[in-house]
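Chemist: Handing you this structure, nothing more for now.
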């Protein structure tokens, strides 16, 4: 590096994942930058270029986990709970009509616990396998499966609630 | 596999983790299980919406890739500066050692009337002290030198080493500056020890 085109093209995807992890656009930008800096420092560790994206996601997840530990807000099983972490509620009345359904889905996603958000994002949007997700997040494959199950059930519930409120 | 066991594999199926026979089995199960089918349909809808959201323009700040690029370049530049500083120290130490050994006289420029070495070649000088590597530097005008601005002179520097050391030139961002890493060979280290 400097970042080649192929790697630079992954910046938006790492950013979106960082946004799922942090729930905040500014922190997501910082986390994305830190991810690529660490990736550059450790570029010799990447053995298989086909796994670059998984490698970058894992770095981002590790950096964010370290950050949470530093702030003392990471507990062992806190992220496995089915309850929203910050009690954010859907606000369908504020949602623009044009992208109503998409916004509802995103609003529902934002209410999930961070780990469930991450798992759902990686599986649904990035199309990664449960094994890859478990590697990125440092959890077992079964934990990834359980989180996906909880996430989609919760999404379904929230999404239908939001749709009913809008009607 | 029982109906319940197949239901439990829904998330693996949705994540695309089932391939071959297990996937075929699950697809048959989906045709017979309204509950799993319903769950799969609602998940597909959510996936579709999330992927649509992911493709929305303006999702990633447009300047972020450039910011990341710049941060990496800055870090790279800092490391190169540190490496260059280390190399200069190494070359200085090496040069001092050679001169102390009497093997490295002043280099000459062919246009320099005060130069003591004719033709740009250095005088080999007395024999080196045991353990010091030898090197010869030749400074000469480049073959197709154009008229140079006042106060500037262009020179080509050739450095030849004995088998005791390896010199590795490293180009810098400034075309007029090349850093020379000088490594003793294993044979020299062993001999020096």
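Just so it is clear, none of the values below were taken in a lab; they were calculated from the coordinates. Small disclaimer: the values here were computed from a predicted structure and weren't measured. Every residue, glycine among them, receives a Cβ derived from its backbone with ideal geometry; neighbour counts consider all protein chains shown.
Chemist: Taking 7 Å along the Cα-to-C-beta vector as the label spot, tell me the residue B:38-residue A:110 distance in nanometres, rounded to one decimal.
Modeler: In this crude spin-label approximation the distance works out to 3.0 nm.
Chemist: Please compute, for peptide A:9-20, the average count of beta-carbon atoms on other protein chains lying within 10 Å of each residue's beta-carbon.
Modeler: Mean partner-chain Cβ count within 10 Å for A:9-20: 3.
Chemist: Ok, one more. Could you work out the pair-distance distribution P(r) of the range B:1-69 from its alpha-carbon pairs, with 10 angstrom bin width and percents rounded to whole numbers?
Modeler: So the P(r) values, bin by bin, are 18, 37, 18, 15, 11, 1.
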